[in-house]
Amino acid sequence: MGAPGPLAGVRIVEIDSIGSVPFAALLLAELGCEIVRVFEPDATASQVVPALYRGRHDIELDFRHPATIAEVAELATQADGLIEGLRPGSMEALGLGPEPLRALNPRLVYGRATYWGQSGPLAGRPGSDINVLALTGALHAIGAADHPVPPLNLLGDHAGAGLFLALGMVSAILGAQATGEGRVVDAAAFDGVSAMMGLTQSLFASGRWIDRRESNLVDGGAPFYRSYACADGGHVAVGALDPVQFEKLCTGLGFAPGSCAQFDRADWPQMAAQFAERFAGRTRAQWAYVFAEGSACVTPVLTLEEAARQPHAMARRPVAAGPGALASAPRFEPAAAVAPPSRIATVSEILARWAG
C-alpha cells in the first residue's frame, strides 16, 4: 500500500476548475495532502480525465445556494489551504475570497492560479496557454524557423501555473505551521513561464542567444540537437551536446572521427544536411539498434501508444497503474501511497472526519 506521503495530515480544499488547479491538486495529493474537491453538479472534467483527479475526496455542491457558501467557508476554517482557478474577482463575488476566509482561519493558505495573475493590465482577461507563451517570448523561441509551434499545454497550464501553485502552497503551508499566519499564493502562468524563460532571456541579453528560431544550441539550430526523419517516416531525437557524445554520434552515422567541427556555426547548415541524408537512409528501428548503447544520446521519437509501452516507462509505472495512468513524480522512499478518489455526500461528513 505504501507509506503516508510527506505532507500527510495537511488538508486542502480544491474549488473545481479546469487547467492548472487539478494538476496542482494532483501533485499535492501525491505529496500526501488530503484534498477535498468541491465541484458543481454539471462539472464533467473528472469524467473525461479521471486519472488527473485521483487522490481526492469529492463533494458536489451548488454555489447558487447560500448554504453552499457557508459550507465551503466552514471547510476553510478547518483546512490548511484552499486552491482555486477562477477568473479574478469570482471568489470575492461569492463571499469566499481570501479576506473573509482568512479572517475565520488566519493560518489558511489561499492559492490562486490564473493565466495573467491577480493584478496588472491583463488581470481578468481571458486567455489560454498559447497566449501566455506568446507574450512571454517562449512561443517565439519554440518551433521551426518559419513558424512557432505550441509545446502542447505543458509550459503554461502545467508548469507555469500548476507546478508553481503546488510549490507555493507547500512553501506557504510550511510557513504557516511555523508562524500561525497563512498568506495568498498568486500563481500566474505568465509569471511561471517568465521565470522559466529567465536563462534564455539572460543568454539573449548577453549576446549568446540569437533571437531567431532554429539558430541556437537547444532550439533545433544545432545539428546535434534536433530530430531527423528516417526512411520509414519515423523520427529520431538527437541530443549529443557533449563533445564525447558528439563523436559517438558522428561515428554511428559513419563519419570519420574528428571530421566534424561541432561548435562552428558556419558549418551547421552543411552538417545538418549531411546528418539528415544519413538518417534518411535507414529506418527508425535500424537507427535505434545502431545507437542502442546510448552514449550518443540518440533515441527514437515514440508515438503516444509506443511511449505507454516503452520498457522504462513500464518499469517506473506504479504496479497497479494501467498504460493510460499518469506517472507519479517525484517519488519517495519508502513509496508514498495515493488514495483512490472517493465521493463524500456531505460537508458534515468531512468535518467529522477532520475532527476525529
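The values are calculated or read from the model by the stated rules, or taken from the named source; none is laboratory data. None of these values were measured; they are calculated from a predicted model. So basically every Cβ, Gly included, is an ideal-geometry build from the backbone, and we count neighbours across all protein chains shown. Ligands, DNA and RNA are stripped out before the accessible areas are found, and what is left, the full protein with its side chains, is counted by its heavy atoms. Shrake-Rupley method; radii C 1.70, N 1.55, O 1.52, S 1.80 Å.
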How many residues are touching a residue at least 40 places away in the same chain (Cβ under 8 Å) and under 15 Å from Ala229 (Cα atoms) when one looks only at the stretch 287-305?
-> 6
Please enumerate the residues belonging to the stretch 144-177 that are open to solvent by 60 Å² or more (accessible area, probe 1.4 Å) and within 30 Å of Leu104 (Cβ to Cβ).
-> Leu163, Phe164, Leu167, Ser171, Leu174, Gln177
Do we have any residue at all in the stretch 156-163 that's over 16 Å from Leu86 (Cα atoms), free of Cβ contacts under 8 Å to residues at least 60 places away in the same chain and not in a helix (DSSP H, G or I)?
-> no
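For the stretch 233-333, which helices (runs of 4 or more DSSP H) that fit wholly inside it have 2 or more residues that are over 15 Å from Ala222 (Cα atoms) and small (Gly, Ala, Ser)? Full working, then the answer.
Numbers: elements: 243-253, 268-279, 284-290, 304-309, 311-316.
So the answer is 284-290, 304-309, 311-316.
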Going through (1) farther than 16 Å from Val132 by Cα; (2) of a type in the set (Gly, Ala, Ser); (3) touching an Asp or Glu at 6+ places or on another chain (Cβ under 7 Å) one by one, Ala189 fails only at (1)
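Just give me the residues in the stretch 178-218 being assigned to a helix (DSSP H, G or I) and either β-branched (Val, Ile, Thr) or in contact (Cβ under 8 Å) with a residue 40 or more places away in the chain (or both), in sequence order. Walk me through it before giving the result.
Of all residues in the stretch 178-218, those assigned to a helix (DSSP H, G or I) come to 178-179, 189-196, 198-205.
Within the stretch 178-218, Thr179, Ala189, Phe190, Asp191, Val193, Ser194, Met196, Thr200, Gln201 qualify.
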Complete set of residues in the stretch 219-232 that are in a strand (DSSP E or B) and more than 12 Å from Val301 (Cβ to Cβ) | Tyr225
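Does Glu277 satisfy the criteria of being surrounded by 14 or more Cβ atoms within 10 Å (Cβ to Cβ), among the charged types (D, E, K, R) and without any contact (Cβ under 8 Å) to a residue 12 or more places away in the chain?
Numbers: surrounded by 14 or more Cβ atoms within 10 Å (Cβ to Cβ): no; among the charged types (D, E, K, R): yes; without any contact (Cβ under 8 Å) to a residue 12 or more places away in the chain: yes.
No, not satisfied.
Which residue, of Ala292, Ala288, is at pLDDT 95 or above and loosely packed, with under 15 Cβ neighbours inside 10 Å?
Values: Ala288 fails: loosely packed, with under 15 Cβ neighbours inside 10 Å.
Going through Ala292, Ala288 in turn, just one is at pLDDT 95 or above and loosely packed, with under 15 Cβ neighbours inside 10 Å: Ala292.
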Number of the exception - Pro22 against (1) in contact with a Phe, Trp or Tyr (Cβ under 7 Å, 6 or more places away or on another chain); (2) over 14 Å from Gly111 (Cα atoms); (3) part of a helix (DSSP H, G or I) = (2)
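With a cut-off of at least 2 residues that are of a type in the set (Gly, Ala, Ser) and exposed (fewer than 15 other Cβ atoms within 10 Å of the Cβ), name the helices (runs of 4 or more DSSP H) lying wholly within the stretch 28-118. Explain how you work it out, then say what you get.
Values: elements: 45-48, 66-77, 90-94, 98-104.
Helices (runs of 4 or more DSSP H) meeting the threshold: 66-77.
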Return the total of residues in the stretch 70-95 being within 28 Å of the chain's Cα centre (by Cα) and without any contact (Cβ under 8 Å) to a residue 12 or more places away in the chain.
-> 2
Among (1) among the β-branched types (Val, Ile, Thr); (2) surrounded by fewer than 22 Cβ atoms within 10 Å (Cβ to Cβ); (3) over 22 Å from the mean Cα position of the chain (by Cα), which single condition is Ile18 missing?
-> (3)
Residues in the stretch 178-188: is at least one exposed (fewer than 14 other Cβ atoms within 10 Å of the Cβ), over 21 Å from Ala266 (Cβ atoms) and touching a Lys or Arg at 6+ places or on another chain (Cβ under 8 Å)?
-> yes
Is it true that Leu108 is in contact with a strand residue (DSSP E or B) (Cβ under 7 Å, 6 or more places away or on another chain), modelled with pLDDT of 95 or more and among the hydrophobic types (A, V, I, L, M, F, W, C)?
-> yes
